[in-house]
Amino acid sequence: MPSPLHRKRVTLIPGDGIGPEITSSMKEVIAALDVDLVWDEYNAGLKVFEETGTLVPQSIYDSFEKNKVALKGPITTPIGTGFRSINVELRKRYDLYACVRPIQSIGKVPSHYQAVDIVLFRENTEDLYMGLEEQVSADEARSIKVITRQASRRIATSAFEYAVQHNRKKVTVVTKANIMKLSDGLFLDTVRDVSKHYPTIEFTEILVDNMCMQMVLNPNQFDVVVTENLYGDILSDLGAALVGGLGFVPGANVGTEMALFEATHGSAPDIAGMGIANPTALLLSAAMMLDHFNVKKEADLLRAAIDRLYQDEANFTKDIKGPLNTREYTTKLIQIIKASRGKVDAKTE
Ligand code: NAI
């Protein structure tokens with residue numbers, strides 16, 4: 001029986017490189033959860049640009065504006081002039097101001113750490129990402145860092161609200177306010193102000209350089225983390241390395257009305273078309289999307305199935321030196337899901 005969810009429509013952008021392979025795996029797995037979803041599928045990226053001269057077709061904007069929710073695979077961003085990152089474009093256009101990255105240990109995925117469970121909130125709209133650059137002379141270029149109280153307040157509020165709703169104990173703010181006294185100072189002051197409205201949540205402050213060291217020394221000391229755009233970008237990749245790499249970390253870009261869920265890794269051109277890509281990050285992003293739709297049971301079931309799959313080294317994917325290709329992984333995960341739902345014998349072998 002499909003879940004009692006009212007039918008949801010999602011704009012699905014498979015992307016390029018390994019995008020189509022992991023997207024097709026993800027669709028099969030979500031179908032096995034019996035969630036009543038309709039995919040409105042459109043593509044964007046390099047191939048679309050070569051064929052049509054447009055990087056992001058208007059149909060994607062129209063669909064996303066109608067559905068309010070999108071799930072996106074990785075898209076190649078050629079380095080150099082002429083292309084703006086589609087990710088940055090969508091975040092800016094729809095004011096998807098909160099980038100949420102759960103950094104969580106999965107099964108026995110090789111890592112130096114156990115039971116890592118950090119949720120990183122990265123401000124997504126300002127800081128050095130506003131593209132305010134100036135070539136002062138042939139030998140001097142400048143980038144302008146913009147921090148506003150309004151944007152700082154809303155990302156801080158998102159982090160504290162998340163902490164309250166998910167029974168988290170602590171929020172840590174990361175800045176470099178000792179050096180950038182005005183910009184980072186404003187961010188820090190604003191987060192401090194917001195923290196006063198959440199007396200049950202412990203609030204701590206740390207400088208970004210120390211944060212990098214502390215995350216490597218002992219990531220288990222962190223719970224919810226809130227930071228600016230650039231520090232968030234760097235810390236989320238550092239965090240991914242603590243739990244097995246980018247192939248295991250999901251992401252969400254959330255605004256007041258719209259949300260874009262996406263795997264955090266790139267299009268992996270080195271393995272595209274080989275059938276060995278790991279769909280886990282995209283699947284975990286889909287689980288975050290189900291949370292967003294309040295389809296908690298299925299989202300938890302999916303996360304638990306992925307965790308269970310990775311408890312057994314015989315189920316490891318190729319990216320972590322295991323035997324399973326994308327097809328075998330997908331079949332195995334669906335078996336585990338169906339077994340958990342009592343539809344097949346509990347044995348997955
Ligand atoms: P990448 O993440 O595509 O690949 C780095 C390494 O990780 C490669 O060896 C790749 O094979 C491996 N890898 C990544 N995801 C994997 C998966 N799911 N399963 C197995 N192995 C995986 O990073 P790279 O090479 O720097 O970027 C390639 C392209 O992707 C660039 O054009 C970049 O701009 C774009 N990109 C797009 C993103 C997005 O759309 N969200 C994010 C990051 C990069």
> In straight Cα distance, which lysines are under 23 Å from Lys8, not counting same-chain residues fewer than 8 positions off?
Replying inline: Lys27, Lys66, Lys68, Lys72, Lys296, Lys297, Lys338
> Under 5 Å between amide H atoms, partner at least 5 residues away or on a different chain: which partners does Arg9 have, H built in plane at 1.01 Å?
Replying inline: Val38
> For region 39-172, what size does the Cα cloud have along each of its three principal axes, sorted from largest down, in whole Å?
Replying inline: 48, 45, 35
> In cubic angstrom, how much convex hull volume per residue do the alpha carbon atoms of the chain span?
Replying inline: 150 Å³
>> Report the Rg/Rh value for region 81-149, based on alpha-carbon coordinates and the Kirkwood definition of Rh.
In response: 1.15
>> Considering all projection directions equally, how large on average is the shadow of the alpha-carbon convex hull of region 205-294, in square nanometres?
In response: 7.5 nm²
> Which translational diffusion coefficient, to the nearest whole µm²/s, is obtained for region 16-105 from the Stokes-Einstein equation, given a Kirkwood hydrodynamic radius over C-alpha pairs, 10 °C and 1.306 mPa s?
Replying inline: 107 µm²/s
>> What number comes out for accessible area per residue over the chain if the probe is 1.4 Å? Units Å², please.
In response: 46 Å²
>> Contact order normalised by length for region 10-139, with contacts defined as Cα pairs under 8 Å and 6 or more residues apart; what percent is it?
In response: 24 percent
> Using the Kirkwood formula over every pair of different C-alpha atoms, what hydrodynamic radius in Å results for region 263-336?
Replying inline: 13.0 Å
>> Just want to confirm a number: the relative contact order over the chain, from Cα pairs under 8 angstrom separated by 6+ residues, in percent.
In response: 21 percent
> So what are the three principal axis dimensions of region 119-181 from its Cα atoms, in whole Å, longest to shortest?
Replying inline: 53, 22, 19
>> Tell me the angle of helix 19-32 to the major Cα principal axis of the chain, expressed in degrees between 0 and 90 and rounded to the nearest ten.
In response: 60 degrees
>> If you roll a 1.4 angstrom probe over the protein chains with everything in place, what fraction of the accessible area of region 130-225 belongs to carbon and sulfur, to the nearest %?
In response: 54 percent
> Kirkwood-based Rg over Rh for region 222-349 (C-alpha set), two decimals?
Replying inline: 0.99
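The values are calculated or read from the model by the stated rules, or taken from the named source; none is laboratory data. Because the structure is a prediction, the values reported are computed rather than measured. Side chains are part of the model used for accessible areas, which takes the heavy atoms of the whole protein and leaves out ligands, DNA and RNA. Shrake-Rupley method; radii C 1.70, N 1.55, O 1.52, S 1.80 Å.
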